[in-house]
Structures are given as C-alpha cells and as structure tokens.
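The values are calculated or read from the model by the stated rules, or taken from the named source; none is laboratory data. Since the structure is predicted, the reported quantities are computational estimates derived from the model, not experimental observations. Cβ: placed from backbone, ideal geometry, glycine included. Neighbour counts: every protein chain shown. With ligands, DNA and RNA removed, areas are computed over all heavy atoms of the protein, side chains included. Shrake-Rupley method; radii C 1.70, N 1.55, O 1.52, S 1.80 Å.
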Amino acid sequence: HTPSALRQWPVQLHLLNPAAPYFDDAELLVCADCVAYAHGGFHTKLLPGKILIIFFPKLDHSFDEYAEKLADIFTTHNIRSVTVARMEVPCCGGTVAIVEKALEMSGKNIPVEVKIIGIDGNITRNQ
C-alpha cells in the first residue's frame, strides 16, 4: 500500500480558493486530469511536497477563467516553483498555455518545469 502524498483538498482548480493558506511559500504541481491515472508513480515521484492543482483544458472550456484563477494564486502568494505535468497527447497542450498566461498576467517570474507523460505512463521528457 502506497500512502497518498496529497497535502490539501480540494484539488480541482475550479473549486480552489486562491486565498487558501496552503499556497503560502508552496511548490505547485499543475496537472492535467489524466496524468494521475496514467503515471504509476504519481504519488511517489510527482506529488511529494507539492500542492496539487488539476484541470482538463480540452473539455473544461475555461481557459481565461483558469488563467485568471492561477494568476490570482501567483499574485497573492509566494510560489516557489511550478511543475506542470501533462500527457503527450494534443488535448493536454492547453495545460502549459494556461500556466504561461497566468504567469504573464501575474507579472511574476516563477520557475516552471514541464513533465510530459506518455500514454504508456512513463515520463517521456522534461522541458
């Protein structure tokens, strides 16, 4: 049994409160919904020590709303880093675009690392 590395609830961006104290001095994992199901090491390799934010950019149709909410989190809190985890499939491309737009809107310079997960569940590359 692998214990959960989840540090907060809720995790869905649509439900998160940008003023929540768990964002203070946090490292974020901004993640496309499918990553947790595809990557077997999600709780042991991607999530430890991070605050999780999930959404599905293709079906949610909330690009501007999500970018604004992330920008609010970035602006309100000292965010140490952002790791973006997305699948290799084209529908996940919006995950990175939303984070980039939010950073632009916030005016913050936060280090971002992108991890791309293959449909076989392995991390295919880092950006």
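Note on the range 70-119: residues that are hydroxyl-bearing (Ser, Thr, Tyr) and part of a loop (DSSP other than H, G, I, E, B) total 0.
Look at (1) open to solvent by 10 Å² or more (accessible area, probe 1.4 Å); (2) β-branched (Val, Ile, Thr); (3) within 12 Å of residue 32 (Cα to Cα) and you find that residue 76 fails only one, number (3).
Check the range 7-23 and report whether any residue there is over 24 Å from residue 78 (Cβ atoms) and of a type in the set (S, T, N, Q). No - not one qualifying residue is present in the range 7-23. Contact map, the range 1-12: first residue outside any loop (DSSP other than H, G, I, E, B), second residue surrounded by 15 or more Cβ atoms within 10 Å (Cβ to Cβ), Cβ cut-off under 7 Å, separation 6 or more or different chains; pairs are 12/54; 12/55.
Kindly list the number of the only condition in (1) part of a helix (DSSP H, G or I); (2) open to solvent by 10 Å² or more (accessible area, probe 1.4 Å); (3) within 23 Å of residue 107 (Cβ to Cβ) that fails for residue 67. Just one mismatch for residue 67, condition (2). For the range 17-42, the set of residues classified as at pLDDT 95 or above and open to solvent by 30 Å² or more (accessible area, probe 1.4 Å) consists of 17, 19, 21, 22, 24, 25, 27, listed by residue number. Could we say that residue 90 is within 14 Å of residue 116 (Cβ to Cβ), open to solvent by 30 Å² or more (accessible area, probe 1.4 Å) and without any contact (Cβ under 8 Å) to a residue 12 or more places away in the chain here? So residue 90 fits the description; yes.
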